[in-house]
Each structure stands twice: as C-alpha cells, then as structure tokens.
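First comes the structure, then the notes that go with it.
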Amino acid sequence: MILLTLAVLWVAAGPAFAQDGEDDSTAGDEPGSPADDGGSDAEDEDAEDEDAEDEDAEDEDAEDEDAEDDPGEQDPPGTAPGGMPYVIDTAAAKDPGTLTEEQAAWLKPKLRLLPPNPRAPTDFTAYTLEWGELKLGLNTVQVGLLPNVQVGSSLPLDALRVPNADLKIDFARVGPLDLAATGAGYLLRREGFEASYITAGGMASLKILEAWSLHGGATYGWVASDGFPDLSQLSHWITGADDLDQVLGLEEASLRARMLHVEAATDVRINRRDSFVLQVASTPWAEVVTEPVPEQIPPIFGLDRLLALNGPIPVKESYTASIAWQIQWKHAQLRVGVGHSSLPGAWLTQCLDFSWRFFGTTRLAEYRQRRAWRRNQRAVEEGSLDGAPPAEE
C-alpha cells in the first residue's frame with residue numbers, strides 16, 4: 001500500500017519536475033544566470049589583464065614625461081649624449097692668411113658676374129617696377145607706385161600740353177607665368193578741336209629658363225576727335241611739318257576709330273648686365289568712321305594714315321620688328337639695335353632706349369653689396385680686416 005501510494009505521487013509530480021528542468025535550462029541563457037558563469041569569468045579575466053597593461057603603459061609614459069620635465073636628468077649644454085664633453089681638435093687648423101688687394105679686387109661685385117634678373121625689363125613684358133623704384137627715360141617717367149603696380153607719363157608730350165598717363169598692374173603670378181593689365185590715355189585740346197586716344201590691354205610673360213623668357217600681349221585702342229584745330233597753334237613735333245595749309249570746312253568734323261595692336265618679344269639674358277631682345281608687333285585690324293569724309297587731312301597724331309586703314313590690315317603693311325642688345329649698369333640702362341618696319345622709322349621706338357633707374361629692392365641689395373665690399377677693400381688697404389663688416393644680404 002505504501003509502495004502504491006509512492007508510485008502514484010511520483011507519476012503526479014513528473015510534469016512539475018520536467019517544468020523545473022526547462023526553467024533551469026532557459027535561465028542559463030539569461031545574462032547573469034549560473035549557466036553563463038564560465039564565459040563571463042573568462043571575459044572578466046581578459047578585461048582585467050587589459051586594464052592592468054594600460055595602467056602599466058600610463059605609468060611608463062608618466063615616468064618619461066617626468067624625466068623630460070626634470071632638467072637635472074638632461075645632458076648639460078655643450079656635451080655629447082651621456083654627459084661627455086665635446087672635444088674639438090684644433091691641431092690640424094691652418095692660418096687662412098691675409099687677404100691680398102688682388103683677391104679683394106676679385107671679390108668686387110660686378111653686374112656681369114651676377115646671375116640675370118628675369119624681371120628687370122618692364123616695357124615689353126608683364127613685369128612692373130619694384131615698389132618705390134623710379135625710371136627716368138628719354139620719353140617717359142615711371143614709378144612703382146605699389147607692389148606690382150606702376151604708373152607713368154610721357155614728359156615730352158606733357159611739355160607739348162598733351163596730358164597723358166599709363167598704368168600697368170601685374171595682377172597674377174603663377175609660378176613662372178605673370179599676367180598684367182595695361183592702360184593708357186592721351187588728350188589733346190586746342191581751340192575748336194579735341195582729340196583723345198585711350199588704350200586697354202594685357203600682357204603675359206613666361207620664364208622658360210632662368211636666362212630665357214617669352215612675352216606677348218594685345219592692346220585695344222579708341223581714337224576720337226571733334227572739330228579741327230588751328231594748325232598754327234600746334235607744334236611741328238605733333239603735326240610732323242612746319243608749314244601746313246589750313247583745311248577748310250572741317251570745323252564740325254567728327255572722327256571715331258578703333259584698332260587692335262598685338263606684340264610679342266623674347267629676351268635671352270647672358271648675365272645681369274647683358275641681354276638680347278627680339279621684338280615684333282603689328283596692327284592687324286582697324287575701323288575708322290568720319291563725318292564728313294575729308295578729302296585731305298594733315299598728319300596730326302598720324303590721323304592721315306589712320307584714315308587709310310579700315311578692316312583687316314595685311315601684316316606687311318603694319319609690322320615692326322627689331323633685335324637689340326640691352327646693357328644694364330648700376331643705374332643706367334641702354335638698348336641699341338636694328339630693325340625694320342612698314343612705317344619708316346617706327347622700329348626705332350623698339351630698339352633705341354636709354355633710361356636711369358633708382359631705388360627698389362634689387363638696387364638697394366646691390367648697393368649694400370658694393371658698400372660692404374668698399375669697406376672691406378679699405379680694411380685690406382689699411383692692413384686689417386678687424387673693422388670690416390660682414391657682407392649684407
């Protein structure tokens with residue numbers, strides 16, 4: 001009876017025991033359950049090891065920083081690593097001797113021995129005068145008003161009461177390439193007559209080598225005149241002749257003209273003093289409108305030749321070419337050469353030029369070099385270089 005009772009109780013309690021087993025197995029999958037203890041313990045041990053390694057590395061870095069901050073642990077100045085003093089052996093040193101006058105003369109800074117200055121020419125290039133530099137020519141005076149900006153005027157025309165001005169701005173410099181904008185204006189006013197000439201254009205200069213550059217540009221010009229002047233009031237330097245007959249019937253004449261002028265040049269620099277310049281130019285197009293159309297007009301500002309131009313112009317009728325040798329001294333600059341042009345004598349404006357240049361960064365540096373050399377030269381002549389200053393850069 002007891003055994004039967006125990007059997008019945010065992011059969012009844014079987015599902016409950018099975019449910020408890022399933023709950024235990026399921027609970028083992030939940031975080032923090034006893035079934036998960038084996039993996040968690042291993043991960044905790046790995047994390048503890050990594051934390052210990054990080055703490056050791058931080059301690060070593062802190063020790064290194066403390067060692068660097070502590071000047072007592074560094075090698076004193078003038079010593080080799082490890083605290084050993086440097087030893088300079090002067091036994092093999094030799095007396096340099098005394099600089100002779102011949103050697104001092106050989107050291108004299110000469111322009112023909114200095115490297116070329118690619119940005120020195122400014123009349124046929126995109127380059128401008130240096131800031132504060134002054135150029136006095138036979139025909140123009142120009143000044144570097146601001147960095148990469150120069151302005152100028154033609155003094156002979158000013159003397160003839162023809163106000164004029166020119167401007168160049170080197171607005172872009174990308175490696176060896178320079179780009180500049182140019183402009184100029186001329187105005188002639190007399191009783192019953194007014195004429196103006198305005199130009200705008202651009203130039204580009206490319207330094208191929210330290211001793212060779214290419215240049216090119218174009219200029220667009222506008223000419224306007226109203227009325228007709230009393231020729232007796234104009235200088236023969238403007239009209240081109242002394243005795244000109246007054247043209248009647250043109251008191252209300254009007255002229256409007258537009259033209260395109262192109263030019264190219266290349267310069268080969270031997271040194272800072274000597275270079276060769278090749279220039280070509282042409283006016284390939286012009287348009288002229290006059291009211292009324294004059295039968296005859298005197299050569300004022302070359303208007304007589306201008307009236308003969310309309311539309312495309314053949315190169316053979318509007319070219320100018322020249323080759324010249326340019327010499328640069330301390331302040332003076334001379335360009336002489338030969339050329340040819342469709343308009344007789346026009347090539348002279350390209351290959352004949354003389355000017356003086358003062359101030360500017362380049363000339364100031366050259367002056368300092370010469371001054372240092374003169375002081376050294378005097379010290380050599382006096383037998384001592386103790387008081388001679390070092391060369392200034």
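The values are calculated or read from the model by the stated rules, or taken from the named source; none is laboratory data. Remember, it's a predicted structure, so these values are computed and weren't measured experimentally. Note that each Cβ is placed from the backbone with ideal geometry, even for glycine, and that neighbours are counted across all protein chains shown. Just so you know, the surface numbers come from the protein's heavy atoms only, side chains and all, with ligands and any DNA or RNA stripped out. Shrake-Rupley method; radii C 1.70, N 1.55, O 1.52, S 1.80 Å.
Give the residues of region 354-369 that are open to solvent by 50 Å² or more (accessible area, probe 1.4 Å) and either of a type in the set (Val, Ile, Thr) or part of a helix (DSSP H, G or I) (or both), sorted by residue number. If the condition is that a residue be open to solvent by 50 Å² or more (accessible area, probe 1.4 Å) and either of a type in the set (Val, Ile, Thr) or part of a helix (DSSP H, G or I) (or both), then 361, 364, 367, 368, 369 are the ones that fit.
Would a scan of region 324-332 turn up a residue that is polar (S, T, N, Q), modelled with pLDDT under 95 and closer than 25 Å to residue 274 by Cα? There is at least one residue in region 324-332 that is polar (S, T, N, Q), modelled with pLDDT under 95 and closer than 25 Å to residue 274 by Cα. Does region 300-318 contain any residue that is part of a strand (DSSP E or B) and either modelled with pLDDT of 85 or more or not charged (D, E, K, R) (or both)? Scanning region 300-318 turns up at least one residue that is part of a strand (DSSP E or B) and either modelled with pLDDT of 85 or more or not charged (D, E, K, R) (or both). Against the condition surrounded by 14 or more Cβ atoms within 10 Å (Cβ to Cβ) and at pLDDT below 90, how does residue 238 come out, does it pass? Criteria met by residue 238. Taking the stated definitions as given, is residue 338 in contact with a strand residue (DSSP E or B) (Cβ under 7 Å, 6 or more places away or on another chain), surrounded by fewer than 15 Cβ atoms within 10 Å (Cβ to Cβ) and modelled with pLDDT of 90 or more? Criteria met by residue 338. Among the residues of region 156-188, write down those that are within 21 Å of residue 139 (Cα to Cα) and not hydrophobic (A, V, I, L, M, F, W, C). Once the filter is applied, which keeps residues that are within 21 Å of residue 139 (Cα to Cα) and not hydrophobic (A, V, I, L, M, F, W, C), region 156-188 yields 156, 158, 161, 163, 164, 166, 168, 182, 183, 185, 186.
Do the conditions hold for residue 278, that is, is it closer than 16 Å to residue 223 by Cβ, in contact with a strand residue (DSSP E or B) (Cβ under 6 Å, 6 or more places away or on another chain) and modelled with pLDDT of 90 or more? Against the criterion (closer than 16 Å to residue 223 by Cβ, in contact with a strand residue (DSSP E or B) (Cβ under 6 Å, 6 or more places away or on another chain) and modelled with pLDDT of 90 or more), residue 278 does not qualify.
One line per residue, one yes/no per condition, for (1) in contact with a strand residue (DSSP E or B) (Cβ under 7 Å, 6 or more places away or on another chain); (2) of a type in the set (Gly, Ala, Ser); (3) crowded, with 19+ Cβ neighbours inside 10 Å:
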| position | (1), (2), (3) |
| --- | --- |
| 118 | yes, no, yes |
| 121 | yes, no, yes |
| 126 | yes, yes, yes |
| 130 | yes, no, yes |
| 135 | yes, no, yes |
| 145 | yes, no, no |
| 170 | yes, no, yes |
| 187 | yes, no, no |
| 191 | no, no, no |
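In region 147-168, what residues are open to solvent by 30 Å² or more (accessible area, probe 1.4 Å) and closer than 17 Å to residue 362 by Cβ?
Matches in region 147-168: 147, 148.
Selection of first residues in region 97-112 that are modelled with pLDDT under 75 and of second residues that are not in a helix (DSSP H, G or I), restricted to Cβ pairs under 9 Å at least 6 apart or on distinct chains, gives the following pairs, ordered by first then second residue: 98/383; 98/385; 99/107; 99/385. Selection over region 309-330 of residues that are within 27 Å of residue 365 (Cβ to Cβ) and open to solvent by 60 Å² or more (accessible area, probe 1.4 Å) gives a count of 3.
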